[in-house]
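Remarks on the structure that follows.
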Amino acid sequence: MGMRIVLWLLPSLLFAQADWRTYRGGPEQTGFSNLKQITKANVAKLQPAWSFDTGDAEKGTEIQCNPLVIDGVLYGSSAKQKIFALNAATGQPLWQFDPSGGKPARGRNRGLVMWQEGKERRLLFTWRNWLFALDPATGKLIETFGQQGRVDLREGLGRDPERVSISAPTPGILYKDMLIQGSLVPEGLPSAPGDIRAYDVRTGAIRWSFHTLPRPGEPGYETWPKDAWTYAGGTNSWPGLALDEKRGIVFAPTGSASFDFYGANRHGNNLYANCLLALDAATGKRKWHFQFVKHDVWDRDLPAPPTLVTVKRNGKSIDAVAQITKSGHVFVFHRETGESLFPLTTVDTPDSDVEGEKLARQQVLPLKPAPFARQELTEDMIPNPVAKARFRQIRSGPQFTPPSKEGTVVFPGFDGGGEWGGAAFDASTGLLYINANEMPWILRLVPRPAAKGATSARTLYIQNCAACHREDRAGSPPEFPQLAKLDPAKRADHARIIAKGQGRMPGFGHLPPAQQEAILEYLLTGKDAAATAASGNSLIEQAYQTDGYNKFLDPDGYPAVKPPWGTLNAINLNTGEYAWRQPFGEFPALADKTTGTENYGGPLVTAGGVLFIGATNHDRQFRAFDKDTGKLLWKTTLSAGGNATPATYLVNGKQYVVIAAGGGKSGAPSGGIYHAFALP
């Protein structure tokens, strides 16, 4: 025990060498480890060291957790978001905590936060709308934090807490004795605003808030309609934050305003949606911002935490921040000033021909580095004749082609380009590593049924639910589950979600109880009973919605565009040129073809010269590449897709690499096993 206390007091550099103490490896979000026991020369000898089955995977569940490893203990989360601790050398369980209290629970948890001062330690994580604090030695709640160990994230947003839905699947970041936390809020209306908040790690009290949807008198208020702060939502920082601890600057990427695809009730540029914010970590005051998309109607959320990098310019080192985007671009800014380190260009954008919409006339793109995903789908890129015929019926063009009633191609799609796994950076070479998707999706606006007069349960469903779950209730699993076969035994749970929302789904507490009940009955039985419509609120109940989240696929279910459908890229940020890029992932049925596949979860790069990554949806592979050339050095088949970011650590002189195999993406089988590997 005495030795453990001494280790806790050693400098943080030693921890960085041995442990994986922070989500994605450190507050700089580089996904980098100084460990080099595993090298290019010996990585092919990796073999299983241990595995841990969380035991609660079921159809449609995922694990996206990048675990922490501290002082020989691994802290992670399961497919149903149970928190656990393991012996990091053996995989033997130490304790488990179920935040749901044994109730049915799904969702995503991408990681946890460990705060420590002297001998005092707290393990912080979120589940649904709650922020918890646990004793990492026992897994017990620290009851002096918030209300008996938890804080309600719905509080302090300036809205009725009973009528907003909020969660935070990506962990926050520590600055001294504060946890700075972003959130996930509904992408439809009604929606909570995406305030970025700092919580006292001891008491759970809010120390500061930054209003990403500006209120009267705050900068940016003029970029919205006058009362938008009272009814609009979104503009939230869901993908995670980065911290320059020395300068005391926290960098927060934000998402689009709600509703994502039609903005007749939010004319203007809509600050601080789709922005990279540089905030004073001590006070939450804005230092600078850059807006990537003005008045976003393409769901172009910033998809990943920014990466703090150091680049060379004219023989000098410059501390910078790099941000990847869904559209496949990399922007690089001076950390202190926000000045772009690569040239930018302004592009004129077309007007929308959908009634009520007013788009920004100009947008900004970088001239360098070149995009890491193709930018426009053309007919010659579509090999299948059936898909080619479908393409002729819809609209396609360069970035910022407006949504339309006939359907507009979004390419790369709603899931990128870049995704939530983020980029990794190697300071010794200046290389930024990005895994990306290259799939087209179709965005189609459809009239939303009027909310006045007599109506039916099905009409209420179409008005409020079909934009995500489709008119046929088939959904787009797992992000938007199918609703055609709900379990009647869980009626109370379904009713609660309809009323209060959950995660990305808004609550419909503004609807009369009889209408909520009509929707529930329709979902459980398919019965289209008569119902009385609401009086209508034009600020929320807009004239248009979408017909769901639709990938553009060929008749065989593959992306309608020529491969690659997924790529792995290495970009030299000193020059803006590519060091290497290649297709990433395989479909087992197309194993003789190098197609690439959808991929989620990010890379890990090490001082040993190796890039580790799972991520690919369909082949269940965990791979190791030569970080300098992209050459495949090793791979193994996991129990399910490794759609999580791996971690590496040293225990008893041995380096381990661990990844969660949760699967569940794009119809792939779900799993619940953590796999650890080491040299013999």
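Here, each number is a calculation from the coordinates, and none is a lab measurement. Computed from a predicted model, the values in this text were never measured in an experiment. Note that each Cβ is placed from the backbone with ideal geometry, even for glycine, and that neighbours are counted across all protein chains shown.
Please list the three semi-axes, largest first and in whole Å, of the ellipsoid equivalent to segment 313-449, using sqrt of 5 times the eigenvalues of its alpha carbon gyration tensor. Present the calculation step by step, with values, prior to reporting the outcome.
Details: eigenvalues 216, 70, 32 Å².
Rounded to whole Å, the semi-axes are 33, 19, 13.
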Margin query: Considering just Cα atoms, how many Å³ per residue does the convex hull of segment 207-327 enclose?
Written below: 113 Å³
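Specify, per residue and in Å³, the volume enclosed by the convex hull of the alpha carbon atoms belonging to segment 516-615. Write out the running numbers ahead of the final one.
Details: hull volume 27.6 nm³, N = 100.
Taking only Cα atoms, segment 516-615 has a hull volume of 276 Å³ per residue.
Taking the mean number of other Cβ atoms within 10 Å as a proxy for protection, how do you rank 251-258, 18-25 from highest to lowest? Intermediate values should be presented prior to the final figure.
On the way: 251-258: 28.1, 18-25: 24.8.
Ranking the peptides 251-258, 18-25 by packing returns 251-258, 18-25.
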Notebook entry, point to check: Highest mean first, what order results for 584-591, 276-283 on Cβ atoms within 10 Å?
Noted result: 276-283, 584-591
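Can you work out the FRET efficiency for the pair residue 406 and residue 482, with r the C-beta to C-beta distance and R0 = 25 Å, to the nearest 0.05? Walk me through the intermediate numbers first.
On the way: r = 26 Å, r/R0 = 1.04.
According to the calculation, E is roughly 0.45.
Test of understanding: ordering 65, 275 by Cβ neighbours within 10 Å, fewest first, what list do you get? Mind showing how you got there, number by number?
Numbers: 65 31, 275 25.
The most exposed by this proxy come first: 275, 65.
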Next item on the list: Sort 307, 567 so that the residue with the fewest other Cβ atoms within 10 Å of its own Cβ comes first and the one with the most comes last.
Entry: 567, 307
Checklist line | Members of 45/593; 36/82; 40/312; 527/551; 226/358; 59/490 lying beyond 21 Å, as alpha-carbon distances in this model show | finding: 45/593; 36/82; 40/312; 527/551
Item checked: Long-range HN-HN contacts of residue 550 with modeled amide H, under 5 Å -> 442
Check: If you compute log10 I(q)/I(0) by the Debye sum over Cα atoms at q = 0.06, 0.09, 0.12 Å⁻¹ for the structure shown, which of (1) -0.45, -1.05, -1.58; (2) -0.31, -0.72, -1.39; (3) -0.37, -0.83, -1.38 do you land on?
Finding: (2)
Notebook entry, point to check: What is the set of long-range amide H partners of residue 73 at a cut-off below 5 Å, with H atoms built 1.01 Å from backbone N?
Noted result: 88
Margin query: What are the ³J(HN,Hα) couplings of segment 260-275, residue after residue, when phi is run through the Karplus curve with 6.51, -1.76, 1.60 and θ = phi - 60°? Round to Hz, x for glycine and proline.
Written below: 5, 10, 8, x, 5, 9, 9, 4, x, 6, 6, 5, 10, 5, 6, 10
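Taking the beta-carbon count within 10 Å as an exposure proxy, list 346, 546 from fewest neighbours to most.
Values: 346 10, 546 24.
Result, fewest neighbours first: 346, 546.
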Notebook entry, point to check: Are there trypsin sites (Lys or Arg not before Pro) in segment 162-240 that DSSP marks as loop and that have at most 14 other Cβ atoms within 10 Å, and which are they?
Noted result: 176, 226
Notebook entry, point to check: How high is the relative contact order of the chain, given as a whole-number percent (alpha carbon pairs under 8 Å, six or more residues apart)?
Noted result: 16 percent
Notebook entry, point to check: For segment 156-220, what is one quarter of the convex hull surface built on the Cα atoms, given in nm²?
Noted result: 5.3 nm²
Margin query: Taking θ = phi - 60°, what integer Hz values does the Karplus form 6.51 cos²θ - 1.76 cosθ + 1.60 yield along segment 163-173, in sequence order, with x for Gly and Pro?
Written below: 10, 10, 10, 7, 8, 8, x, 9, x, x, 10
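For segment 227-266, which trypsin sites (Lys or Arg not before Pro) are both in a DSSP coil and crowded by at most 11 other Cβ atoms within 10 Å?
Details: sites: 246, 247, 266; in loops: 246, 247, 266.
Sparse-neighbourhood loop trypsin sites (Lys or Arg not before Pro): 246.
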Check: Given H placed on each backbone N at 1.01 Å, which residues far from residue 192 in sequence or on other chains put an amide H within less than 5 Å of it?
Finding: 165, 234
Item checked: Electrostatic dipole magnitude of segment 258-406 [Cβ: Lys, Arg +1; Asp, Glu -1; Cα centre; debye, to 20] -> 420 debye
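Helix by helix, which DSSP H runs in the chain go 15 Å or more along their axis at the Cα atoms and have an average Kyte-Doolittle hydropathy of -0.5 or more? Show your work: numbers first, answer last.
Values: long enough: 513-525 (18 Å, 0.15).
Long hydrophobic helices here: 513-525.
Could you list the trypsin sites (Lys or Arg not before Pro) in segment 48-104 that lie in coil according to DSSP, counting only those with at most 11 other Cβ atoms within 10 Å of their Cβ? Walk me through the numbers before you get to the answer.
On the way: sites: 59, 80, 82; in loops: 59, 80, 82.
Listed in order of number, the matching sites are 59.
Stretched out fully, how many nm does the piece from residue 361 to residue 525 gain, at 0.36 nm a residue minus the Cα gap?
Net length gain for the segment: 54.4 nm.
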Next item on the list: Step through the residues of segment 81-93 one at a time and calculate ³J(HN,Hα) from phi using the Karplus curve (6.51 cos²θ - 1.76 cosθ + 1.60, θ = phi - 60°), rounding each to whole Hz and writing x for Gly and Pro.
Entry: 6, 6, 9, 9, 10, 10, 5, 6, 8, 10, x, 6, x
